[in-house]
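Remarks on the structure that follows.
The values are calculated or read from the model by the stated rules, or taken from the named source; none is laboratory data. The model shown is predicted, which means the values in this text are computed figures rather than measured ones. Note that we place each Cβ from the backbone using ideal geometry, even for glycine, and neighbour counts take in every protein chain shown.
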């Protein structure tokens, strides 16, 4: 009897510690998903639009200069347009590919949400069953049949719990390691994002200066 009680206490200790680690992992993961979404939005909505604006002004400047100052061949403007068309075609292709990745990520998040909902349903069902069992105990004065295992069978079930807990613990540790790696990569990408924004802004200044002085080449 005492051995079984000690084993039950030990299992509770392991499971509660594991639950805490699980919630820590989930908290850190949610935090990093938010950072990823923030970086993604800043790269696409912010940096991408600024860079595209630069491209449009470079095209304008180059065409204006070509109209006046190039040694004329047959297809100056057409060749310039071809370069920018190829560039835009590549961007469109990349955008679709990136959106496809995001669709897959969204689908995976939906699957994760469905699993959370299913787990919530399991908790609700368990609680309902326990309420019913409690009512049965009050009425009959004894535990339901499923709760009348002998000592040997209780030990077997406790061993199963220990084995599953051990296997799950390894998964939790692996998750925490992977989440830490994601956090480090997020930090690196955030710094890279700032560097690229600075470069785009510097290019903006050069392009604007050139456009302002276009009359030197075109008049």
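General remarks:
- Scoring residue 19 on the criteria (1) closer than 30 Å to residue 154 by Cα; (2) in contact (Cβ under 8 Å) with a residue 60 or more places away in the chain leaves a single failure, condition (2).
- Single match in 92, 120, 63, 98 (criterion: touching a helix residue (DSSP H, G or I) at 6+ places or on another chain (Cβ under 7 Å) and assigned to a helix (DSSP H, G or I)): 63
A quick yes/no check of all residues on (1) more than 18 Å from the chain's Cα centre (by Cα); (2) at pLDDT below 90; (3) closer than 21 Å to residue 185 by Cα:
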| site | (1), (2), (3) |
| --- | --- |
| 32 | no, no, yes |
| 36 | no, no, yes |
| 54 | yes, no, no |
| 58 | yes, no, no |
| 63 | yes, yes, no |
| 70 | yes, yes, no |
| 92 | yes, no, no |
| 97 | no, no, no |
| 101 | no, no, yes |
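- Filter result for the condition that a residue is surrounded by 11 or more Cβ atoms within 10 Å (Cβ to Cβ) and within 21 Å of the chain's Cα centre (by Cα), over 206, 189, 210, 214: 189
- Any pair with Cβ under 6 angstrom, 6 or more apart, that starts in the range 1-12 at a residue that is surrounded by 11 or more Cβ atoms within 10 Å (Cβ to Cβ) and ends at one that is assigned to a helix (DSSP H, G or I): 4/154; 7/158; 11/161
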